[in-house]
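*Asks:* Attaching a single structure in structure tokens format; questions to follow.
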């Protein structure tokens with residue numbers, strides 16, 4: 001069993017590796033960055049690097065992976081009386097975005113990776129996002145598994161994730177890469193979902 005201190009230490013190590021990779025990738029490109037450099041910049045051994053990531057290319061998705069952690073924390077801090085759509089939208093807006101870095105990392109991903117790899121990873125992150133929303137919806141008194149209530153929670157969580165990631169895809173395809181535009185698209189997607197599907 002992993003102890004809480006070990007889990008916290010492991011997450012700090014992963015965060016340090018993600019940050020070191022982003023700095024290196026933006027400064028010198030992916031091809032000219034080695035796993036050894038990333039590990040050294042993060043203050044860990046190469047062996048530790050490979051315990052957390054299979055390759056340096058895994059770190060091209062560091063912005064998505066780190067984003068799930070702040071989203072989980074931000075969502076947990078929302079009021080239980082608030083609608084799930086309002087909670088999700090507010091949690092998204094609390095993200096510590098560095099828009100320039102996000103755009104540059106997206107460009108590096110497009111240059112370095114096959115489109116299918118990018119799509120698969122984004123779908124995995126979307127599924128993880130849905131799991132976080134589902135955990136929040138279940139709350140302290142979750143519906144019994146196999147019931148209609150449990151099914152509704154799962155469907156709502158997956159629809160919310162699809163709406164948010166759909167808004168992000170539209171945002172990435174437009175020329176307007178500002179945070180206000182991303183916020184507007186997410187709000188529009190979630191409002192559409194709430195009025196047409198969730199009704200809550």
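*Asks:* Output the qualifying pairs, or none if there are none: Cβ atoms under 8 angstrom, residues six or more apart or on different chains, first residue in the stretch 118-130 and within 15 Å of residue 172 (Cα to Cα), second residue assigned to a helix (DSSP H, G or I).
*Replies:* Sorted first by the residue in the stretch 118-130, then by its partner, the pairs are 118/109; 118/110; 122/64; 122/165.
*Asks:* Please state which one of 63, 32 is in the same structural domain as residue 104 (by TED's automatic domain parsing) and closer than 20 Å to residue 103 by Cα.
*Replies:* Working: 32 fails: in the same structural domain as residue 104 (by TED's automatic domain parsing).
Just one listed residue meets the conditions, 63.
*Asks:* Please indicate, with yes or no, whether at least one residue in the stretch 91-106 is under 20 Å from residue 190 (Cβ atoms), buried (at least 18 other Cβ atoms within 10 Å of the Cβ) and modelled with pLDDT of 80 or more.
*Replies:* Checked the stretch 91-106: at least one residue is under 20 Å from residue 190 (Cβ atoms), buried (at least 18 other Cβ atoms within 10 Å of the Cβ) and modelled with pLDDT of 80 or more.
*Asks:* Further question: How about the stretch 38-52: which of its residues are under 11 Å from residue 20 (Cβ atoms) and surrounded by 17 or more Cβ atoms within 10 Å (Cβ to Cβ)? Step through it out loud before you land on a result.
*Replies:* So the first thing to find is which residues in the stretch 38-52 are under 11 Å from residue 20 (Cβ atoms), and the list is 38-44, 49.
38, 39, 42, 44, 49 - these are the residues of the stretch 38-52 that are under 11 Å from residue 20 (Cβ atoms) and surrounded by 17 or more Cβ atoms within 10 Å (Cβ to Cβ).
*Asks:* Which numbered condition in (1) surrounded by fewer than 15 Cβ atoms within 10 Å (Cβ to Cβ); (2) closer than 18 Å to residue 11 by Cβ; (3) outside the structural domain of residue 18 (by TED's automatic domain parsing) is the only one that residue 119 fails?
*Replies:* For residue 119, the exception is condition (2).
The values are calculated or read from the model by the stated rules, or taken from the named source; none is laboratory data. Note that the coordinates shown come from a computational prediction; the quantities given were computed from them, not determined experimentally. Every residue, glycine as well, gets a Cβ built from its backbone with ideal geometry; the counts of neighbours run over all protein chains shown.
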